[in-house]
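Below is one structure, written out as structure tokens, with a few remarks after it.
Coordinate-derived values only; no laboratory data. The structure presented is a predicted model; accordingly, all values stated were derived computationally and were not measured. Ideal geometry is used to build each Cβ from the backbone, glycine not excepted, and the neighbour counts take in all protein chains shown.
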Amino acid sequence: MLHVSIHDKRFAPVANPHGVSGADTVFHYRTDGDLITGSYGGGRIRAGQLVGRVTSPDMIELLYHCVTTDGALMAGKSRGSVSRGEDGRVRLAFDWSWLTGDRSGGQSHYVELTP
């Protein structure tokens, strides 16, 4: 189990310079024990899904796939940390890479969206 819950929370990227998702992409996570599932969309992402697992109290790993607004089908993997920022919102930080296309990768950071 994670020390900081991501269950039923929504996140948006605050830094993803080499990725397809942007500030207008929303990720919705769900957890069931160490299982993570979710969906995402917005901006350049028409629809996306993710599945993953908790690997330690503050680390997760994910597989994800999406269809972009220009019709590209993409898939990737990531490992990341889960923490709580000074403002109380949950933060995610990932090292990721594509499993399709040019197989590039990078780092990205996400912050919990508040209602």
TODO: Please report, largest first and rounded to whole Å, the three semi-axes of the ellipsoid equivalent to region 17-56, where each semi-axis is the square root of five times an eigenvalue of the C-alpha gyration tensor.
DONE: 22, 11, 7
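In a shell of Cβ-Cβ distance under 13 Å around M74, excluding M74 itself, what net charge do Lys and Arg (+1) and Asp and Glu (-1) give? Kindly include the intermediate steps, with their values, before the conclusion.
On the way: positive: R44, R46, K77, R103; negative: D70, D102.
Result for the local shell: +2.
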Open item on the list: Please list, in order along region 15-23, the HN-Hα scalar couplings obtained from phi with the Karplus expression 6.51 cos²θ - 1.76 cosθ + 1.60 (θ = phi - 60°), rounded to whole Hz, x for Gly and Pro.
Closed with: 7, 7, x, 10, x, 8, 6, x, 4
- [ ] Mind listing the long-range amide H neighbours of L99? Cut-off is under 5 Å, sequence gap 5 or more, other chains count too, H placed in the peptide plane at 1.01 Å from N.
- [x] A75, G76, K77
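Hey, any idea what Rg/Rh is for region 9-112, computing Rh the Kirkwood way over Cα pairs?
Values: Rg = 12.8 Å, Rh = 13.6 Å.
Result: Rg/Rh = 0.94.
Once the other residues with Cβ under 14 Å from the Cβ of S5 are scored (Lys, Arg +1; Asp, Glu -1), what is the net sum? Don't skip to the answer; put the middle values down first.
Values: positive: K9, R10, R30, R84, R89, R91; negative: D8, D32, D34, D58, E112.
Around S5, the surrounding residues sum to +1.
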